[in-house]
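S.K.: Encoded as structure tokens, here's the structure I'll be asking about.
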Amino acid sequence: MKIRTGDTVLVIAGKDKGQRGRVIRVIPEKQMVVLEGLTKDKEGNAVPLNAVWKHRKSRQADQPGDRIRRPSPLHVSKVMLIDPHSDKPTRVGRRLEDGRIVRYAKVSKETVDIK
């Protein structure tokens, strides 16, 4: 996959279109990513990007059940990498540098993998 954990991405489709977030988890089998970042809901409260309601059942008599917002996985085709050099959304390419394959931003032609 061209998106990795720790990348800053822009959501380009869906209810959070236009929001930026950081990838905290990549699920390569399903080609999905989980993002860290905040957006606002209809009431103006801060919620995680691509959040869904999780209904939690009460486990004990003194602990009531409730509803919490959790970030949900988002398909990798709905996000676009933010180029760290130009701070613009970009497509990602691969090329061979010093005997290893590295990712590069197509906008600035600069290497994205900086280690």
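The values are calculated or read from the model by the stated rules, or taken from the named source; none is laboratory data. This is a predicted model, so every value here is computed, not measured. Every residue, glycine among them, receives a Cβ derived from its backbone with ideal geometry; neighbour counts consider all protein chains shown.
S.K.: Say whether the condition of being under 19 Å from Lys2 (Cβ atoms) and either in contact with a strand residue (DSSP E or B) (Cβ under 8 Å, 6 or more places away or on another chain) or polar (S, T, N, Q) (or both) is met by at least one residue in segment 51-69.
M.R.: There is no residue in segment 51-69 that is under 19 Å from Lys2 (Cβ atoms) and either in contact with a strand residue (DSSP E or B) (Cβ under 8 Å, 6 or more places away or on another chain) or polar (S, T, N, Q) (or both).
S.K.: Now a separate question. Kindly provide the set of residues from segment 40-50 that are surrounded by fewer than 15 Cβ atoms within 10 Å (Cβ to Cβ) and not in a strand (DSSP E or B), ordered by number.
M.R.: Across segment 40-50, the qualifying residues are Asp41, Lys42, Glu43, Gly44, Asn45.
S.K.: Of everything in segment 7-47, what is in contact with an Asp or Glu (Cβ under 8 Å, 6 or more places away or on another chain) and not polar (S, T, N, Q)? Give them in sequence order.
M.R.: Gly21, Arg22, Val23, Ile24, Val47
S.K.: Now for a different question. Could you check segment 51-109 for strands (runs of 3 or more DSSP E) lying wholly inside it with 1 or more residues that are within 16 Å of the chain's Cα centre (by Cα)?
M.R.: 51-56, 66-71, 79-82, 92-97
S.K.: Take the residues in segment 1-38 that are among the acidic types (Asp, Glu) and within 9 Å of the chain's Cα centre (by Cα); name whichever of them is surrounded by the most Cβ atoms within 10 Å (Cβ to Cβ).
M.R.: Result: Asp7.
S.K.: May I ask you to list pairs of residues, at least six apart or on different chains, whose Cβ atoms are under 7 Å apart, with the first in segment 91-106 being among the hydroxyl-bearing types (Ser, Thr, Tyr) and the second being part of a strand (DSSP E or B) and loosely packed, with under 13 Cβ neighbours inside 10 Å?
M.R.: Cβ pairs passing all conditions: Tyr104/Arg95.
S.K.: Looking at (1) out of contact with any strand residue (DSSP E or B) (no Cβ under 6 Å at 6 or more places or on another chain); (2) part of a loop (DSSP other than H, G, I, E, B), can you tell me which one Lys17 breaks?
M.R.: (1)
S.K.: Yes or no: Gln31 of a type outside the set (Phe, Trp, Tyr) and at pLDDT 95 or above?
M.R.: yes
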